[in-house]
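One structure below.
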Amino acid sequence: MTFGEQPAYLRVAGDLRKKIVDGSLPPHARLPSQARIREEYGVSDTVALEARKVLMAEGLVEGRSGSGTYVRERPVPRRIARSGYRPANGATPFRQEQAEVQARGTWESSSRQSEASGAVAERLGIKAGDRVMCTKYVFRDGGEAMMLSTSWEPLALTGRTPVMLPEEGPLGGMGVVERMRAIDVIVDNVTEEVGARPGLAEELLALGGVPGHVVLVVQRTYYASGRAVETADVVIPADRYRVAYHLPVR
């Protein structure tokens, strides 16, 4: 087989990927052995091994100890709503969707005071080391972890107020806009930046992914008159979910 300018292992990986995508190698099928790849494509053991590594890094196949490498089930991506809209009750998009009759969503959270890292401090417009309330969330659908979120709020703003703990008190769980309004802080802008990267080990452990899986990261920040009042990182497994935005027309 002539491989041209592209490295041989990428061409082999590309051909195997095509077979996985078109169903020639269906889910749970065993990937050709290293010897079979070497023979079929006329490449070395090193090339065959590297091609398999590419497919594993892409999450298309998985190794089973003592058995071989198998094509992974490819989930049909589901939708996660993001929206600048909030109804009168202040519910977040996730809570709006889970209010539906057939929804199976649950979430859990924990908050603790901590010091802002340099990156978080820059996003909040405060000094590194300033005290913040850090809240970690795990959102589940039918018991399966679907999304992680970590938020930070400057305690110089919320400390010693009824909304210091985002998920507790009279406005617990009502969302940033409603909570801030309760302390006379009017949120008038929110920005979200969406990027992708390989998931961290602890993220993939929580989300049920495998090493090398890509996650979407939504970096969100709420502002009141130009001042950041909350910032968060929302982590979503890219192979299982798509982020859908609902943007109001003004």
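The values are calculated or read from the model by the stated rules, or taken from the named source; none is laboratory data. Because the structure is predicted, anything quoted here is derived from the model rather than measured. Note that each Cβ is placed from the backbone with ideal geometry, even for glycine, and that neighbours are counted across all protein chains shown. Surface accessibility is based on the protein's heavy atoms, side chains included, excluding ligands, DNA and RNA. Shrake-Rupley method; radii C 1.70, N 1.55, O 1.52, S 1.80 Å.
Quick one: with all protein chains in place, what share of the accessible area of the chain is carbon or sulfur, to the nearest percent (1.4 Å probe)? Write down the numbers at each step before the final one.
On the way: 7160 of 13870 Å².
Looking at the chain in its full context, I get 52 percent from C and S.
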statement: Honestly the stretch 159-231 on the Cα gyration tensor test (a ≥ b ≥ c root eigenvalues; a/c under 1.5 rounded, otherwise a/b vs b/c for prolate or oblate) is just oblate
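Out of all DSSP beta bridges with both ends in the chain, state the antiparallel percent to the nearest 5.
90
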- prompt: Using the alpha-carbon centroid of each, what span in Å lies between the stretch 1-64 and the stretch 186-250?
  reply: 33
- line: Checked against the structure, the computed semi-axes √(5λ) of the Cα gyration tensor in Å among (1) 44, 19, 16; (2) 36, 18, 16; (3) 41, 21, 15 is the one labelled (1)
task: At a Cα cut-off below 26 Å, give the lysines reachable from LYS53, other chains included and same-chain residues fewer than 8 away excluded.
output: LYS18, LYS19
task: Would you mind checking which residues have amide H under 5 Å from LEU25's amide H? H placed 1.01 Å from N; only 5 or more apart, or other chain.
output: ILE20
- request: Using amide H atoms built 1.01 Å from N in the peptide plane, name the residues 5+ places from GLY212, or on other chains, whose amide H lies under 5 Å from its own.
  value: GLY199
- prompt: Based on DSSP H runs of at least 4 residues, each adding -39500 (n - 2.57), what is the mean residue ellipticity at 222 nm of the chain after dividing by all its residues, to the nearest 500 deg cm²/dmol?
  reply: -7000 deg cm²/dmol
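Over the chain, give the accessible area per residue in Å² for a 1.4 Å probe, as an integer. Before the final figure, lay out the partial values.
Details: 13870 Å² over 250 residues.
About 55 Å² of surface per residue is accessible.
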- prompt: Where a Cα-Cα gap under 29 Å defines reach, which lysines qualify for LYS136, not counting those fewer than 8 residues away within the same chain?
  reply: LYS127
- prompt: With a ≥ b ≥ c the root eigenvalues of the C-alpha gyration tensor of the stretch 106-197, is it rounded (a/c under 1.5), prolate (a/b larger than b/c) or oblate?
  reply: oblate
- line: Residues whose modelled amide H sits under 5 Å from the amide H of LEU31, counting only those 5 or more places away in sequence or on another chain, are THR69, TYR70, VAL71
- line: In terms of the alpha carbon gyration tensor, root eigenvalues a ≥ b ≥ c, rounded if a/c is under 1.5 and otherwise prolate when a/b exceeds b/c or oblate, the stretch 125-250 is prolate
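When the dipole is taken about the Cα centre of the chain, and only Lys, Arg (+1) and Asp, Glu (-1) are charged at their Cβ, what size is it in debye, to the nearest 20?
Values: 33 positive and 31 negative charges, 67 e Å.
Magnitude of the dipole: close to 320 debye.
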